[in-house]
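See structure below.
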Amino acid sequence: MIDLFTYLSLSAVSIGQLYQFFIVALLSVLILFSTYFSLKKLPASPHIKDRFYVLFVGFITIILNVGLFFIFLYLAKRSVFLPTRWLPVFSFIIRAIEVTAQTILAVTLIIAVTHHAIVRRIVNTLFTVVGAYILLMIVAVALPWTSSLAERWLLDTNWAQLGVYLTNLALTGLFFFISRKKADPYLKSAIASLWIANTFQSLSILFPFLIRFIMVYNLLLILGYLLIEIYIFDAIIHELSSTTHEVEGLNDQLEEKIKSRTEDLYTSNKELFHSNYMLHQEKEKLNALIENLEEGILVSNISHTVLMINSSAKTLLGIEKSVIGASLFEVLPDKSYIQDIHQIILKKVRFISKELTLTHPDRQSNYIHLRSSLSTDSKGNIIGIITLIRDITKEKELENLKTGFMRTISHELKTPLTTILGFTETLSNERRGKLNDDQKNYIKIILDEGLHLSRLINDLLEFTLITANKISIQFEEVSLKSLVGEILESFRPQAALKSIDLIFDSSTNLPSIQADREKIHRAFLNVIHNAIHFTEKGNVTVKFFTEKNKIITQITDTGIGIEANNIDKIFERFIQLDADGKAGFRSGLGLGLSISRDLIALHDGRIWVESKQGQGSTFFIELPVSR
């Protein structure tokens, strides 16, 4: 075959070749612009994006090849600077790159049925193989001992170019087969046009006379590129149309959602308005209820600013003007109580309370009881401090009357009882003469009942002091283990009469506690006496546990037990259990456990019981080690 540079010596063929490359360059620039726009701006599907990417790479290669053609053309016209044996090499390089670009364009046929990673690998492989082929050709021509062989067998016979074209035809045919008619019609027509053009070019290598019809090759080439441009514009229009339909659909959905949301908001606003109205009504009712309460209510914040106060509170405190926004120091007469409110704010205590005596110049003094507690929301945030104010003047008067009466009665009973017990002990010791058995029995009955009556009077006096808040506590170091041991030893004779074993587990090491020995002794005495009293057989066991800064004493008996619905009642005043473990009224005052609970509470401790009827009871007494 006569190569391009041979035909450049003929003006007609030279102009035709130049027209071909100018048109190819123009179409390539147009297609490049279209594909670049599509890759950057068009919201296309992955397959369309991959096709545009391959087309972009192919036409970049074509434009670079056109530029390379004009460089080689310049060198061919001035071959004085270049050996003529390189001109066929240049012609081969241009043809090889052009055919490679067309093969890359044919790869678009298989994108619909192949993963995009494989497509890119095929494109990279084509570049690598053709680049290696060209490099091998250049090396073969450049080396002195292989140049003559390369010129004779590859360049002069044009077998190298024929191999490139045949490879393109084979690969393009394979791509047509793999696509299975799934490629775009315009794209298939374009690649088919390029395939026919390269077939014609292959035939012209075998049959040189066909070079006269080179215009057929050029027309088929231009037709293929035009069809590719038509495909690109068609794909852009189709994707834009699809995008437009999607946007319209999204707009319709958005309008429906906005309409639905607007209706929901209207309904919510309506319900909110109704809720606000009902809340306002409830607030008015609550304010009216608080305002008309007999007890005073005062609400303040953590800064001790008054937020709300009802009429009863103002009356009890002797306030006539509005104090909303004022400081608690201006409202409450006891400044130390306000300082104690800090303990609530710091959540060290749940509430505080205090009784105050208010002196008014125009009327008699009255007593009030203050009780403050913390108000929090569902998340634990502090809303304010609520202080309840109650007039306890009448209660105080009644309490004083009751206390005086009970004290008087107790003393009036205790004085003759002491005389009776003294003379009874004298008779029992037979200091005034011998007694017969009946007399001894009578004296013993008198002494036992007198002692029982003495305990009742002591309970009554203790109860009177506790209820009047006049009991005094003297704290000292107390060995709880020694104290309980002494109590158990004092009950052993009584327990032996009933065949009850007293078990004392003293193995636990206990620290001394801060307590009033007399009061704690009385509290434990009542509980242990209660356990022995309601146990007919079996045992009473005492053991200790330690927990952080606390000592827990466990007193277990095998007695009658307590019904579940009576467990909370046994610490009430004047309540005892009968032989069946039911709440009732027996001989005695029923103050023992009640006094124990109050005495333990004065030591910041607590007492509770676990029991099942017929299976005994277990009392737990918890006391702090230090205060």
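Results for (1) open to solvent by 90 Å² or more (accessible area, probe 1.4 Å); (2) over 41 Å from the mean Cα position of the chain (by Cα); (3) within 18 Å of residue 356 (Cβ to Cβ); (4) modelled with pLDDT under 85, shown as yes or no for each residue.
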residue	(1), (2), (3), (4)
258	yes, no, no, no
293	no, yes, no, yes
298	no, no, yes, no
314	no, yes, yes, yes
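For the range 235-253, check the following and say yes or no: at least one residue is surrounded by 19 or more Cβ atoms within 10 Å (Cβ to Cβ) and free of Cβ contacts under 8 Å to residues at least 24 places away in the same chain.
Of all residues in the range 235-253, those surrounded by 19 or more Cβ atoms within 10 Å (Cβ to Cβ) come to 235-236.
Cutting the leftovers down to free of Cβ contacts under 8 Å to residues at least 24 places away in the same chain gives us none.
The answer is no; no qualifying residue exists.
Taking first residues from the range 277-297 that are in contact (Cβ under 8 Å) with a residue 12 or more places away in the chain and under 26 Å from residue 370 (Cα atoms) and partners that are assigned to a helix (DSSP H, G or I) and of a type outside the set (Ser, Thr, Tyr), the Cβ contacts under 7 Å between residues at least 6 apart in sequence or on separate chains come to 296/313; 296/316; 297/290; 297/313.
Of the residues making up the range 342-350, not a single one is out of contact with any Lys or Arg (no Cβ under 8 Å at 6 or more places or on another chain), under 30 Å from residue 604 (Cα atoms) and either acidic (Asp, Glu) or modelled with pLDDT of 80 or more (or both).
The residue that is farthest from residue 100 (Cα to Cα), counting only those in the range 158-198 that are open to solvent by less than 80 Å² (accessible area, probe 1.4 Å) and of a type in the set (Val, Ile, Thr), is 178.
Residues that are polar (S, T, N, Q) and either at pLDDT 85 or above or open to solvent by less than 30 Å² (accessible area, probe 1.4 Å) (or both) were ranked within the range 616-627; the one that is nearest to the chain's Cα centre (by Cα) is 618.
Here residue 336 fulfils each of the conditions (1) within 19 Å of residue 368 (Cβ to Cβ); (2) exposed (fewer than 10 other Cβ atoms within 10 Å of the Cβ); (3) touching a Ser or Thr at 6+ places or on another chain (Cβ under 9 Å) apart from (3). Considering the conditions (1) under 23 Å from residue 88 (Cα atoms); (2) touching a helix residue (DSSP H, G or I) at 6+ places or on another chain (Cβ under 9 Å), residue 208 is excluded by exactly one of them, (2). Applying the criterion of being more than 30 Å from residue 622 (Cβ to Cβ) and at pLDDT 80 or above to the residues of the range 445-486, the residue that is surrounded by the most Cβ atoms within 10 Å (Cβ to Cβ) is 446. Checked against (1) within 30 Å of residue 237 (Cα to Cα); (2) surrounded by fewer than 23 Cβ atoms within 10 Å (Cβ to Cβ); (3) modelled with pLDDT of 80 or more; (4) not aliphatic (A, V, I, L, M), residue 125 passes all but a single condition, namely (1).
For residue 302, state whether it is among the β-branched types (Val, Ile, Thr) and free of Cβ contacts under 8 Å to residues at least 24 places away in the same chain.
So residue 302 fails the test.
Under the condition of being β-branched (Val, Ile, Thr) and in a loop (DSSP other than H, G, I, E, B), the residues counted in the range 471-487 number 2.
The values are calculated or read from the model by the stated rules, or taken from the named source; none is laboratory data. Please read all numbers here as calculations on a predicted model, not as lab measurements. Methodologically, a virtual Cβ is constructed for each residue, glycine included, from the backbone with ideal geometry; neighbour enumeration extends over all protein chains shown. The protein model used for the area step is the full one, side chains on, heavy atoms only, and it has no ligands, DNA or RNA in it. Shrake-Rupley method; radii C 1.70, N 1.55, O 1.52, S 1.80 Å.
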